[in-house]
Amino acid sequence: MKKNIMIIGLGLIGSSLAVCIKKEHPDAQLLGWDVSKDTCQAAIEEEIVHRIPHSFESGAVLADYIILAVPVKTAIHYLNRLEGLALKETVLVTDTGSTKQEIMAVAQSLSFDFIGGHPMAGSHKSGITAVNASLFENAFYIFTDDTTQKKASRIHELKQLLQGTRAKFVQLAPQEHDCITGMFSHLPHIIAAGLVNQSQIFDDHFPEASRFAAGGFRDMTRIASSDPSMWTDILLSNQTLLLELIKNWQVQTSQVINWIQQEDAQSIYHFFENAKDIRDHLPITDKGTLPAFYDLMVDVPDYPGVIGEVTTILGQEKLSLMNLKILETREDIVGVLQISFKTKSDLQKAKRCIENQTNYHCRLL
């Protein structure tokens, strides 16, 4: 019997899940729903979903699976609407929210089965135009539930539905999930946004400053381009933990201020040495809590047409670029192209084909 899967919210996550499910389960019927009419139209035109129901309610009552690919506060709103509908008795509802404690507390009173979900993948790009079938590949996909035997079987069912994502499925308690993502995703986004906002104030005093804000500064603050609405929701739904983390961060920065004022070279050195040691030992084979970017550094000679030569090679291999920039172009020296890819496999393929067809040296960043 054909299964009906309804995805509510057709932004980056929802649309990318849709194409993964559609490819793995060709007999399934994909229903899409989004508050934006333009997004719904794009979902049909790009064949991301099979159809858009006449109303949220008419689609929900037909669904065997419902995926809430919307911010947590919005997902809770939809859960309350679903509770008042005559859903199928076997319906399974899940979400993709970045925090889990609040929504799992609401789920305890629901009459239908709900499994908390969080695909830990994303991009600095948002919206349906950023749809990416490889978005979740090798990323952690976290499930949270009440650990009952019934839910265990339903989690297995959900894994079967989502196996086309090629993600790594993990189960965590809601509090454990929020603590981990708070430290390794939410706090870094706050800091990145703060750095960008501070640079704007700095630019008011030094109008030429923005010209020098490329390179490392641009890379380390890339996540500040994320969806403001989503991050407002995340901060408000994980506020207790984030307040504690931000206060701890303030303590760290206060210590650095004191070391600089006291000219404590030993403490400053240890601060950077410890950070370097920890950073150098982080795992590099898995996607983490932040959007992953796969960068290739290509040493190229400084002559006209070299960029076109490299991009032509990549185009012939049908490799999709996320970004390309020149890091250094001075006369009579080797320049550096930094090319960003969507997937690790594209990165490795690009390195092979460039080195096979040219004498340019490529380095993985």
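Remarks
- Matching option when the condition is open to solvent by less than 10 Å² (accessible area, probe 1.4 Å) and of a type in the set (K, R), among K88, K100: K100
- Flag for P26 being over 26 Å from the mean Cα position of the chain (by Cα) and either open to solvent by 30 Å² or more (accessible area, probe 1.4 Å) or of a type outside the set (D, E) (or both): no
- Of everything listed in (1) closer than 29 Å to E24 by Cβ; (2) at pLDDT below 95; (3) open to solvent by less than 40 Å² (accessible area, probe 1.4 Å), the single unmet condition for V170 is (3).
- Residue match in region 232-251 (condition: part of a helix (DSSP H, G or I), within 28 Å of S134 (Cβ to Cβ) and at pLDDT below 90): no
- Per the conditions (1) modelled with pLDDT under 90; (2) not in a helix (DSSP H, G or I), the sole criterion not satisfied by K151 is (2).
- Taking the criterion of being part of a helix (DSSP H, G or I) and open to solvent by 80 Å² or more (accessible area, probe 1.4 Å), the residues of region 256-269 that qualify are I257, I260, Q261, Q266, Y269.
- Every residue from region 203-240 that is among the hydrophobic types (A, V, I, L, M, F, W, C) and surrounded by fewer than 12 Cβ atoms within 10 Å (Cβ to Cβ): F206, F212
- The requirement of being open to solvent by 20 Å² or more (accessible area, probe 1.4 Å) and either assigned to a strand (DSSP E or B) or hydroxyl-bearing (S, T, Y) (or both) is fulfilled nowhere in region 154-163; no residue meets it.
The values are calculated or read from the model by the stated rules, or taken from the named source; none is laboratory data. Computed from a predicted structure; not experimentally measured. Here Cβ is always computed from backbone atoms with ideal geometry, including for glycine, and neighbour counts include all displayed protein chains. Only protein heavy atoms, including side chains, enter the accessible area calculation; ligands, DNA and RNA are left aside. Shrake-Rupley method; radii C 1.70, N 1.55, O 1.52, S 1.80 Å.
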